[in-house]
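Remarks on the structure that follows.
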Amino acid sequence: MHPDLANREIILGVTGSIAAYKACEIASRLTEAGATVRAALTQSAQEFVGAVSFEGITGNCVITSMFDPGLNPEIEHIALAKRASAFLIAPATANIIAKMAHGLADDWLSTTLLATRAPIVIAPAMNTQMYTHVATQENIATLKARGCIFVGPDAGQLACGDVGAGRLIETPAILEALVCALHVDKPLRGKKVLITSGGNHEPIDPVRFIGNRSSGKMGHALALEALRLGAEVTVVTGPHRVPLPHGVETVEVETAHEMLEAVEAHFEDCAVFIGAAAVADYRVERPALDKHKHSDAMLTLSLVPNPDIAASVSLRKRPDQITVGFAAETSHITEHAQDKLKRKHLDLIVANEVGVAESGFGTDTDRAWLIKANEAVVDLGLLAKTELAQAVFSALALNGTGSLKA
Ligand code: C5P
């Protein structure tokens, strides 16, 4: 879970949707991440889910009415509105969205939302007809223009039997939106960040391929960090196990050639390119058009080298563009990385150790070093991929005017 959630006070507003029970999982994940969670249940939310569940999960008293005897000093709405790090309304009904858009204050949650200046994240959940109604859409547009962050809804089968937009989006996407909202300083606002992620599948025949173990976790962490800093993020991803953060433009590809093509199509506009993909070094020269038949005879595949995506874009970068690469190594880690930094004309390279238990493909942590040309190697030690992503962007020296210099 993201380190930014630790020691934050989050007001979790739960409103009357059938998805209200899912807010228990959200409260649980936030509490695990070290946040102080204060759940506030509207009257109708209490028809779907009990306050006692939230009290048990969060270890804090739950706000169920404006005037709870005995609790007033702790839940006094103006004090909490001022103190809260952020508000998360999940699930958010059409009703709370309408009340917020029009400044109504007729219960604890709506009153406190009017009193706060903390970031507000809203995860809507309602019937599709209600969601797509012009009134709801106008209310959402009003709140977005005021800086509220919307996450979801997902489309799919709804509790009422209808199919369409209106399902509460899954918990990881909600927590990622909250992580982005908590970071109010946005040095990359207006900048585009282009990231390659995942591995490649190089076809052998119509059903088989050569692949690698890339999970896409590093690409995910980099994309989330770029979003947190306010960038517009495009991720060109090969096959991966970890879903990308909500809010990134995703281009799904399979082969290294498709990845190069997609990167070239987006490179011109980007301020920062980060090559986090484990690009396939080789492809089968002539993939078979028909499936290879089972046979006891030996099969020899002829492999040809793939283009180097990071090197090719680095060669044509403008002075205002930055390129970053990764070097996954098993030995002589920093020496090999330094060589790649030069050979690929990168501004920064992240060397990381692979082939050990806590570092490399599929792990949540990495043993890493940051290397820039003509500068001392920075040993980051063993750190979470989220922390490594933060270190990468810090190393790009984001200055107050939002410009970047490696
Ligand atoms: O040479 P090596 O594969 O170790 O280089 C790793 C770095 O170069 C990574 O940033 C990777 O995304 C990038 N790369 C690339 N195209 C290739 C091979 C590697 O962009 N064909």
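What the table below lists for this structure:
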{"read-out": "Rough spin-label spacing in nm, given labels placed 7 Å along Cα→Cβ, for SER44 and LYS342", "value": "6.7"}
{"read-out": "The range 285-355 shape via C-alpha gyration tensor axes, a/c threshold 1.5", "value": "oblate"}
{"read-out": "VAL163/GLU258 FRET efficiency (R0 22 Å; Cβ-Cβ; nearest 0.05)", "value": "0.10"}
{"read-out": "Exposure of THR330 as accessible area (Å², to 10), given a probe of 1.4 Å and all protein chains", "value": "100"}
{"read-out": "Label zone at ASP106, where the point sits 7 Å out along the Cα-to-Cβ direction: the range 31-50 residues whose backbone N lies under 20 Å", "value": "40-48"}
{"read-out": "Whole-number accessible area per residue in Å² for the chain, which is evaluated in the context of all protein chains at 1.4 Å", "value": "46"}
{"read-out": "Cα→Cβ-extended label distance, 7 Å offset, between TYR21 and ASP296, nm", "value": "5.8"}
{"read-out": "Mean Cβ neighbour count within 10 Å, used as a protection proxy, ranking 307-314, 225-232 highest first", "value": "225-232, 307-314"}
{"read-out": "Lys pairs under 28 Å by Cα in the range 192-394, provided they are eight or more residues apart or on distinct chains", "value": "25"}
{"read-out": "HIS183-LEU382 FRET efficiency (beta carbon distance; Förster radius 25 Å; 0.05 resolution)", "value": "0.55"}
{"read-out": "More than 37 Å apart - percent of Cα-Cα pairs taken over the chain", "value": "34"}
{"read-out": "Lys, Arg +1 and Asp, Glu -1 on Cβ, resulting dipole of the range 3-182 about Cα centre, debye, nearest 20", "value": "400"}
{"read-out": "Helix-only [θ]222 nm of the chain, DSSP H runs n ≥ 4, -39500 (n - 2.57) each, per residue, nearest 500", "value": "-9000 deg cm²/dmol"}
{"read-out": "Prolate/oblate/rounded label for the range 3-182 (Cα gyration tensor, a/c 1.5)", "value": "rounded"}
{"read-out": "Beta bridges by DSSP in the chain, antiparallel share as percent, to the nearest 5", "value": "35"}
{"read-out": "Environment charge of HIS292, counting only residues whose C-beta is closer than 10 Å and scoring Lys/Arg +1, Asp/Glu -1", "value": "+1"}
{"read-out": "Extension gain, ARG83 back to GLN137 (0.36 nm per residue minus Cα-Cα distance, nm)", "value": "16.4 nm"}
{"read-out": "Net charge of neighbours whose Cβ lies under 12 Å from the Cβ of GLU25, counting Lys and Arg as +1 and Asp and Glu as -1", "value": "0"}
{"read-out": "Selection from VAL354, THR116, VAL279, by position along the positive dipole direction of the chain (Cβ)", "value": "THR116"}
{"read-out": "FRET efficiency, 1/(1 + (r/R0)^6) with R0 60 Å, evaluated for ASP205 and GLU375 via beta carbons", "value": "0.80"}
{"read-out": "Sorted peptide list for 296-306, 179-189, criterion being average Cβ within 10 angstrom, highest first", "value": "179-189, 296-306"}
{"read-out": "Rounded to the nearest 20 debye, dipole of the chain from Cβ charges on Lys, Arg, Asp, Glu", "value": "660"}
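The values are calculated or read from the model by the stated rules, or taken from the named source; none is laboratory data. Since this is a predicted model, take the numbers as computed values, not measurements. Neighbour counts run over all protein chains shown; Cβ positions are idealised from the backbone, glycine included. Just the protein is used for accessible areas: all its heavy atoms, side chains included, with ligands, DNA and RNA removed. Shrake-Rupley method; radii C 1.70, N 1.55, O 1.52, S 1.80 Å.
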